[in-house]
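Reading through the structure tokens given below for one structure.
The values are calculated or read from the model by the stated rules, or taken from the named source; none is laboratory data. It should be emphasised that the depicted structure is a prediction, and the values quoted were computed from it without experimental measurement. Ideal geometry is used to build each Cβ from the backbone, glycine not excepted, and the neighbour counts take in all protein chains shown.
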Amino acid sequence: MIAVIPSRYASTRFPGKSLALIRGKPMVQHVVERCLEAKSFDRVLVATDDARIAEAVRSFGGEVAMTSPTAASGTDRVAEVARTLGLEGESVVVNVQGDEPALHPQALWALGQAFEDPAVQMATLVRALRDEERSNPTVVKAVLDEAGRALYFSRADLPFQRDAGATIERWAHVGIYGYRATTLARLATLAPTALEQTESLEQLRALGHGIAITCVKTKHGSAAVDRPEDVPNAEAALELLPKTYPP
């Protein structure tokens, strides 16, 4: 199993955020360290088309995979790395977002464990949704079936609650994905779907083309960095991570 961290310099809201210093280290270094601490991956690679990011990663001893500047998405960048490495069949590739410096290593480990089931072709993480997040479109909601597979992802408050007394577990999506190599290769060839474009959620492409997504429940949240003002929150989240990570 390998982890690939797509990392680009261009970002509308936060240019160069992969290299933003968080507690004295570039953000991409924190993401690499969380992957290594998970003790799940045979290799951890940063996929980038930018020489500045590549130089920074090599400076702290990380492994770089240079990718095409025309890659349309992080998934395309990860798929390109998988092709370059010759991964195929049931090999597992985990796409770890490069803006998640405080992602808990145990959550990554749990995601990897999902692939112990040979029937799992694609998996992602979900956590409990907080009530105050229900109306926030930046927090993506996941609706699960009885077996823990994704029925739908949305920025809207789903499922709709018709009766005031009804209760249901609500889930927020944590945007980390694992794929079998064959599934990743197929996904990279598929056209965007109308639902994907409407919600601006890439995972809806998989669902729209019939690829089942297993949702791994974790108690660990995330502290993604989308804008400069998110850095203090990420630094606070890093302080809360344990110093050791038992399997």
Here are ARG43, ARG13: which of them is at pLDDT below 95 and either aromatic (Phe, Trp, Tyr) or surrounded by fewer than 24 Cβ atoms within 10 Å (Cβ to Cβ) (or both)? ARG13
So for segment 72-84 (the condition being over 24 Å from THR182 (Cβ atoms) and either of a type outside the set (A, V, I, L, M) or part of a helix (DSSP H, G or I) (or both)), does at least one residue qualify? no
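Is it fair to say THR183 is within 24 Å of ALA110 (Cβ to Cβ), under 15 Å from the mean Cα position of the chain (by Cα) and modelled with pLDDT of 95 or more? Spell out how you get there, then give the answer.
Working: within 24 Å of ALA110 (Cβ to Cβ): yes; under 15 Å from the mean Cα position of the chain (by Cα): no; modelled with pLDDT of 95 or more: yes.
It is false that THR183 is within 24 Å of ALA110 (Cβ to Cβ), under 15 Å from the mean Cα position of the chain (by Cα) and modelled with pLDDT of 95 or more.
So is VAL81 crowded, with 20+ Cβ neighbours inside 10 Å, of a type outside the set (S, T, N, Q) and touching a Phe, Trp or Tyr at 6+ places or on another chain (Cβ under 7 Å) or not? Don't jump to the end; show me each part of the working.
Numbers: crowded, with 20+ Cβ neighbours inside 10 Å: yes; of a type outside the set (S, T, N, Q): yes; touching a Phe, Trp or Tyr at 6+ places or on another chain (Cβ under 7 Å): no.
The answer is no for VAL81.
So which of ALA54, ALA65 ends up being outside any loop (DSSP other than H, G, I, E, B), crowded, with 20+ Cβ neighbours inside 10 Å and out of contact with any Gly (no Cβ under 8 Å at 6 or more places or on another chain)? Steps first, please.
Values: ALA54 fails: crowded, with 20+ Cβ neighbours inside 10 Å.
Matching residue, one of ALA54, ALA65: ALA65.
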Members of segment 143-168 that are in contact with a Leu (Cβ under 8 Å, 6 or more places away or on another chain) and not β-branched (Val, Ile, Thr): LEU144, ASP145, ALA150, LEU151, TYR152, PHE153, SER154, ARG155
Segment 180-200, residues that are of a type outside the set (Asp, Glu), out of contact with any helix residue (DSSP H, G or I) (no Cβ under 8 Å at 6 or more places or on another chain) and closer than 28 Å to MET27 by Cα: SER200
Based on what the data block shows, is GLU88 surrounded by fewer than 17 Cβ atoms within 10 Å (Cβ to Cβ), among the charged types (D, E, K, R) and in contact with a strand residue (DSSP E or B) (Cβ under 7 Å, 6 or more places away or on another chain)? no
